[in-house]
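This report refers to the structure that appears directly beneath it.
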Amino acid sequence: MKMFHQIWAALLYLYGILLNSVYQCPEHSQLTTQGVDGKEFPEPHLGQWYFIAGAACTKEELATFDSVDNIVFNMAVGSAPTQLQLHATIRTKNGSCVPREWIYHLTEGSTDLRTEGRPDMKTELFSSSCPGGIMLKETGQSYQRFLLYNRSPHPLEKCVEEFQFLTSCLDFKAFLLTPRKQGVCNQASN
């Protein structure tokens with residue numbers, strides 16, 4: 001009987017290893033300061049970005065985006081070498097345009113960003129397998145969420161599907177896709 005238990009334990013152990021290797025979440029690499037195409041961070045990430053989708057553990061962590069139709073961001077170098085200036089225009093579902101601005105502070109030797117005036121908030125940047133895409137992980141005092149951005153307002157459908165699969169695998173079950181049915185707001189001030 002002891003032999004049977006040992007064999008059964010070994011089989012369960014092997015089954016666990018096999019199951020873990022088959023159902024492991026896909027890798028998503030955190031961006032490095034080396035950047036893209038030999039360009040140092042943040043240069044490859046400057047310019048215009050469209051907010052595509054978000055994922056979180058609960059719907060409440062995405063509630064801030066419920067009234068959004070689309071958001072266009074413009075990331076530029078800030079007034080100091082360790083700052084990034086972010087301008088956004090938010091098109092709400094009722095058609096209004098809402099401008100927003102943030103200053104991110106770069107963390108030396110890292111791509112982690114800290115938002116000025118929000119010491120509890122941390123933003124990490126991750127690569128995306130989607131052409132022209134990037135993922136952000138925002139962590140605050142009462143929330144944690146992944147956000148998908150793209151250089152195009154309408155990336156390939158498979159990009160959104162891959163993002164949803166990855167975040168779901170990481171147990172971020174609440175998902176939000178921006179409708180992007182209205183035109184983008186003018187970023188005249190940028």
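Quick notes
- Mean projected area (nm²) of the alpha-carbon convex hull when region 35-190 is viewed from all directions: 9.3
- With protein chains left intact and a 1.4 Å probe, residues in region 58-190 average 52 Å² of accessible area per residue.
- Principal axis dimensions, largest first and in whole angstrom, of region 149-190 by Cα: 39, 18, 18
- Computed over region 65-142, the ratio Rg/Rh where both radii use C-alpha atoms and Rh is Kirkwood: 0.99
- Each label point was placed 7 Å from the Cα along the Cα-to-Cβ direction; for Ser129 and Thr107 their separation is 2.6 nm.
- Linear extension gain, Gln187 paired with Met3, 0.36 nm per residue minus alpha-carbon span: 59.0 nm
- Computed from point charges on the beta carbon alone (+1 for Lys and Arg, -1 for Asp and Glu), the dipole magnitude for region 88-175 about its Cα centre is near 320 Debye.
- Solvent-accessible area, 1.4 Å probe, carbon plus sulfur percent, for region 59-190: 52
- Gain on full extension, evaluated as 0.36 nm per residue between Val98 and Ser142 minus their Cα-Cα distance, stands at 13.4 nm.
- Remark: region 119-163 is approximated by an ellipsoid whose semi-axes, taken from the C-alpha gyration tensor as √(5λ), come to 23, 10, 8 Å, largest first.
The values are calculated or read from the model by the stated rules, or taken from the named source; none is laboratory data. These numbers come from a predicted model, not from an experiment. No Cβ is skipped: glycine too gets one built from the backbone with ideal geometry, and neighbour counts run over all protein chains shown. These area figures cover heavy atoms from the full protein model, side chains too; ligands, DNA and RNA do not enter into them. Shrake-Rupley method; radii C 1.70, N 1.55, O 1.52, S 1.80 Å.
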